[in-house]
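Below: the structure, in structure tokens.
The values are calculated or read from the model by the stated rules, or taken from the named source; none is laboratory data. These numbers were taken from a predicted model, which means no experiment stands behind them. With ideal geometry, Cβ positions are generated from the backbone for all residues, glycine too; neighbour counts draw on all protein chains shown.
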Amino acid sequence: MPEKFEIRPLNEDDHTWVSHLLEEQWGSVTQVTRGRAYRADELPGFAAIQDDKPAGLITYNIDGGQCEITSLNSLVEGMGIGTGLINAVRNVANSSRCKRLWLITTNDNTPALRFYQKRGFLLVAVYPNALEESRKLKPEIPLTGIDGIPLRDEIELELLL
Ligand SMILES: CC(C)(COP(=O)(O)OP(=O)(O)OC[C@H]1O[C@@H](n2cnc3c(N)ncnc32)[C@H](O)[C@@H]1OP(=O)(O)O)[C@@H](O)C(=O)NCCC(=O)NCCS
């Protein structure tokens with residue numbers, strides 16, 4: 001498989017595959033972080049494209065001088081797509097003069113905790129049992145996550161810009 005990919009901003013023509021990808025990967029286009037629900041398919045983002053096909057997606061939300069990564073998925077892991085997508089959002093956040101880039105992941109997602117920390121993000125907060133509240137807004141959030149770990153807490157990571 002050729003390892004080249006392109007990263008470009010999302011546009012309106014991407015909406016169908018973006019919605020499908022979010023539903024497939026996260027159970028719904030709705031993402032809940034810190035008790036707030038977002039339609040991630042309506043947020044700005046970047047696509048990674050390989051061989052004319054989507055190979056990754058990142059969405060983000062800029063609010064109050066901060067940039068939140070609201071979803072990140074690489075469909076072809078280990079060749080730089082995740083890193084490239086984060087860097088694309090980091091550039092936008094920098095040019096929008098955001099003070100920080102941040103995100104919420106869940107306690108079961110040890111691969112994501114590893115990935116983000118290796119890219120300079122710091123663990124800045126744990127919100128114990130936050131998923132109980134999130135499930136009120138998004139009932140499809142499962143009780144068990146990666147490696148059979150109970151899906152319970154939100155973990156906040158940040159990169160100061
Ligand atoms: C976490 C995630 C986004 C990482 O995406 P990815 O495309 O595999 O990320 P990268 O390829 O940039 O980096 C992964 C590894 O591949 C290596 N890599 C990067 N470019 C490479 C290349 N050209 N050739 C070989 N390896 C490479 C990196 O060194 C990295 O290893 P490291 O973390 O030890 O440094 C992906 O695993 C994913 O989608 N997970 C499921 C969804 C999820 O959990 N999202 C985040 C929750 S908010």
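Reported count of residues in the stretch 37-53, each being more than 21 Å from VAL92 (Cα to Cα), part of a strand (DSSP E or B) and in contact (Cβ under 8 Å) with a residue 24 or more places away in the chain, is 2.
Being modelled with pLDDT of 95 or more, within 23 Å of LEU160 (Cβ to Cβ) and either surrounded by fewer than 21 Cβ atoms within 10 Å (Cβ to Cβ) or away from the ligand (no atom under 13 Å from the Cβ) (or both) is the requirement here; does ARG100 meet it? Don't jump to the end; show me each part of the working.
Details: modelled with pLDDT of 95 or more: yes; within 23 Å of LEU160 (Cβ to Cβ): yes; either surrounded by fewer than 21 Cβ atoms within 10 Å (Cβ to Cβ) or away from the ligand (no atom under 13 Å from the Cβ) (or both): yes.
Spelling it out, ARG100 is indeed modelled with pLDDT of 95 or more, within 23 Å of LEU160 (Cβ to Cβ) and either surrounded by fewer than 21 Cβ atoms within 10 Å (Cβ to Cβ) or away from the ligand (no atom under 13 Å from the Cβ) (or both).
Exactly one residue out of GLU12, GLU77, GLU3, GLU24 is over 24 Å from LEU159 (Cα atoms), within 14 Å of the ligand (Cβ to nearest atom) and without any contact (Cβ under 8 Å) to a residue 12 or more places away in the chain: that is GLU24. Test ASP51 against the stated conditions and say whether it is more than 27 Å from LYS138 (Cα to Cα), loosely packed, with under 13 Cβ neighbours inside 10 Å and more than 13 Å from the chain's Cα centre (by Cα). The answer is yes for ASP51.
The criterion of being at pLDDT 95 or above, buried (at least 16 other Cβ atoms within 10 Å of the Cβ) and not in a helix (DSSP H, G or I) does not hold for ILE86. In the stretch 103-154, which residues are within 25 Å of GLU77 (Cα to Cα), hydrophobic (A, V, I, L, M, F, W, C) and outside any loop (DSSP other than H, G, I, E, B)? Those that are within 25 Å of GLU77 (Cα to Cα), hydrophobic (A, V, I, L, M, F, W, C) and outside any loop (DSSP other than H, G, I, E, B): LEU103, ILE104, ALA112, LEU113, PHE115, LEU122, LEU123, ILE146.
For the stretch 142-161, the criterion of being polar (S, T, N, Q), under 22 Å from VAL29 (Cα atoms) and more than 12 Å from the ligand (Cβ to nearest atom) is met by at least one residue.
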